[in-house]
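Note sheet for the following structure.
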Amino acid sequence: MAVRAADNRIHTWDGINYDRRDAHVTGGVTAGGFVAKKTFRQRWLGFHRAFMEFSDDISDQKAAIKDFLAEQKAENDNLRANLTKQEILIGLAIRTGILISAITLVLSIVYLIRPYTAQDVYDTGITAASNAYTTAHIPVDVYYEYQERKSIAEAARDAFLSQIGLDKKAQDLLDTHLSYTDIKGNPRLYEEAPVDDLGLKIPETLHYVYNDYNSVLDTAMGSMLYFSQGDSHWKEYRIAGVDRMGGYGCGPVTIAMLVNSFADIDSPVTPIEVADWAVENHEYAVHGGSYHSLIPNALSHYGLSCASVEDRTPENVSKLLDTGHVLVALMGKGSLTDVGHFVILTENAPNGEVMLADPAKFANCQKSWPLAQILKELKAAYDAGGPLWAVTW
């Protein structure tokens, strides 16, 4: 229904709602569909009232949460007080499993996002462990280094004192040998050289190499210098940069004894020089020692005659010694060695046995040996003319 107002404006009413867009009620908040303007004070009071209501709601919520947590704590404490040991262990196991799972998950995520491979992680761990080990063992290493230096100093002192005694023995030996040169049937084997700085008379025909023993052995070919592979002057030398002369140098030392005593050379040859020659000429096997061919090839290189002895009976060997030969023997397992080892049969002894020059043990040179026993212990080697060679000028 439409109603015309006094100002000719039409108002409509559908029986329920009345269109009051143009109506105005004096003093009302709204009139005709618009809201009267509020003052600043009214707006502030309304905001303050709403804020206080919101604060009260928050406080109520906090109090409710606090009460809930307190109730839960009291309930948990009550439950915990009534737990059995089995239930506690199960709880710990569950927590541990959750922790391990979390750590595994974190590590997996780190592994996926970091640009490292499993090998990098392994190498990093090994390096860290090595650094930790080294750091922890620094005091131990320092102590061992001190002990090693102390041992070296004591060994040097003992070697010096021993050398003084050996020099005196060598002088006495040479003086005794020289005193016999005027006796009939014992011709002078060498001329006396000028006295060196150590006061040791050095024979001209022997190419002397300074060593720990300073010993001269009698042989069927004449006087022979004795060298030991355990001599302090070369026992630590590494043949081919690997093997110690003290353990693997019987071949070079044997050659050095023969060459310096009987070869026509201009200057002495040390066992180290012979070992280097053996390596350069493929006469040495790393971790195995000298090849058997070193004996004939090295002696020939230095100008000595060397022939294989095929008749290795005691009678023939004794005859070779009587006719001015010395014999290089390759020994097998027995009285002189547990492996392969070179020695020199120097001469027949008055008691029917033979004398040796053993580069591994000087004491073996101070007694005679049954020839049959030596021949029985020869190594079963038939290459390069071994295991027995006759050497002469």
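Looking at the stretch 353-363, is at least one residue modelled with pLDDT under 95, surrounded by fewer than 19 Cβ atoms within 10 Å (Cβ to Cβ) and under 13 Å from THR219 (Cα atoms)?
Checked the stretch 353-363: no residue is modelled with pLDDT under 95, surrounded by fewer than 19 Cβ atoms within 10 Å (Cβ to Cβ) and under 13 Å from THR219 (Cα atoms).
Does ASN281 meet the test of being surrounded by 12 or more Cβ atoms within 10 Å (Cβ to Cβ), at pLDDT 95 or above and of a type in the set (S, T, N, Q)?
Judged against the criteria, ASN281 is a match.
Of all the residues that make up the stretch 248-265, how many are closer than 18 Å to ASN214 by Cα and either of a type in the set (Gly, Ala, Ser) or outside any helix (DSSP H, G or I) (or both)?
2
Considering only the stretch 372-389, I want to know if a residue exists there that is hydroxyl-bearing (Ser, Thr, Tyr) and either surrounded by 22 or more Cβ atoms within 10 Å (Cβ to Cβ) or modelled with pLDDT of 95 or more (or both).
Within the stretch 372-389, none of the residues are hydroxyl-bearing (Ser, Thr, Tyr) and either surrounded by 22 or more Cβ atoms within 10 Å (Cβ to Cβ) or modelled with pLDDT of 95 or more (or both).
At pLDDT 80 or above and among the small types (Gly, Ala, Ser), is that true of ALA5?
When the stated conditions are applied, ALA5 does not pass them.
Specify the residue that is farthest from PHE262 (Cα to Cα); the eligible residues are those in the stretch 224-238 that are assigned to a strand (DSSP E or B) and more than 20 Å from the chain's Cα centre (by Cα).
For the stretch 224-238, the residue satisfying everything is TYR226.
May I ask you to list pairs of residues, at least six apart or on different chains, whose Cβ atoms are under 7 Å apart, with the first in the stretch 275-301 being at positive phi and the second being crowded, with 16+ Cβ neighbours inside 10 Å and in a loop (DSSP other than H, G, I, E, B)?
What qualifies is GLY289/GLY340.
Could you tell me whether the stretch 220-228 includes any residue that is in contact with a Phe, Trp or Tyr (Cβ under 7 Å, 6 or more places away or on another chain), within 15 Å of ALA275 (Cα to Cα) and touching a residue at least 40 places away in the same chain (Cβ under 8 Å)?
Checking the stretch 220-228: at least one residue is in contact with a Phe, Trp or Tyr (Cβ under 7 Å, 6 or more places away or on another chain), within 15 Å of ALA275 (Cα to Cα) and touching a residue at least 40 places away in the same chain (Cβ under 8 Å).
The values are calculated or read from the model by the stated rules, or taken from the named source; none is laboratory data. These numbers were taken from a predicted model, which means no experiment stands behind them. All Cβ positions, even for glycine, are placed from backbone atoms using ideal geometry, and neighbour counts span all protein chains on display.
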